[in-house]
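Written out below as structure tokens is the structure these notes cover.
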Amino acid sequence: MAHEHPTAVKLLDTVSSMLDGANPNEIFVDDVLSVSGVSRGSLYHHFGDYPSLVHATLIRRFASNVDADGKAMMHVAQKAESKSDYWQRIRQLSAITQVPERAPIRAERARLISLARSDAKLAEQLGVEQDRLTQSMGDAIALAQEKGWVNPQLNPRAVAVFLQAYSLGRAVDDVAGEPLPNADWLAVVDTVIGALEKS
């Protein structure tokens, strides 16, 4: 992590904790300083300005999810004992990512992508983590292809991007006035996932 000084970590942890119940626009610098007990001068010393602290926190949270998602995909590819076992585990993993309770995670990721569109520095930082996520998931897909469980004609990186895309895409329904029943969404996901299997 780029910010390893204890004071910087305290600021990151404070903003991260506050983000669990609010979006970045609802978190103000004075509140962060009050909760963390860190001085304004120290914040500027470690991050340059307050928006940079918020962006660093968002990237840190995203990176944490990246690590978890990549490890989960590789774990499935390594531990599955057969093609049917692999796909059962993939469907279980997919179902976990689609639950309504993960709506805040999807919203935060969509917000981070939106912020990066107008901030070159943030876009560069996010790009590094996004590439890492796609690579780790692509490696897991490639391993499953070697075992004969995933259609070998598909580019592993493209499959990895697709898996991320439909998970993030659920954010569209998260804001609907009448969200879909989760079972209906998962039925579509399961059908599409089935097309990735090696026949």
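See the values below:
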item: Some residue of the range 112-132 being charged (D, E, K, R) and outside any helix (DSSP H, G or I); result: yes
item: Qualifying residue in the range 163-174 (condition: assigned to a helix (DSSP H, G or I), under 24 Å from residue 113 (Cα atoms) and in contact with a Ser or Thr (Cβ under 6 Å, 6 or more places away or on another chain)); result: yes
item: Conditions (1) in the same structural domain as residue 156 (by the TED database); (2) part of a helix (DSSP H, G or I): number failed by residue 34; result: (1)
item: Of all residues making up the range 66-81, the number that are surrounded by fewer than 12 Cβ atoms within 10 Å (Cβ to Cβ) and either touching a residue at least 60 places away in the same chain (Cβ under 8 Å) or assigned to a helix (DSSP H, G or I) (or both); result: 3
item: Condition met for residue 143 (modelled with pLDDT under 95, among the aliphatic types (A, V, I, L, M) and assigned by the TED database to the domain that holds residue 91); result: no
item: Residue in the range 90-107 that is open to solvent by 80 Å² or more (accessible area, probe 1.4 Å) and either within 24 Å of residue 158 (Cα to Cα) or in contact with a Phe, Trp or Tyr (Cβ under 6 Å, 6 or more places away or on another chain) (or both) present; result: yes
item: Residues (assigned to a helix (DSSP H, G or I) and either open to solvent by less than 50 Å² (accessible area, probe 1.4 Å) or touching a Phe, Trp or Tyr at 6+ places or on another chain (Cβ under 6 Å) (or both)) located in the range 175-199; result: 182, 186, 189, 193, 194
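The values are calculated or read from the model by the stated rules, or taken from the named source; none is laboratory data. If you're wondering where the values come from, they're calculated on a predicted model, not measured in any experiment. Heads up, the Cβs are rebuilt from the backbone with ideal geometry, glycines too, and the neighbour counts pull from every protein chain shown. Heavy atoms of the whole protein, side chains included, go into the accessibility calculation; ligands, DNA and RNA do not. Shrake-Rupley method; radii C 1.70, N 1.55, O 1.52, S 1.80 Å.
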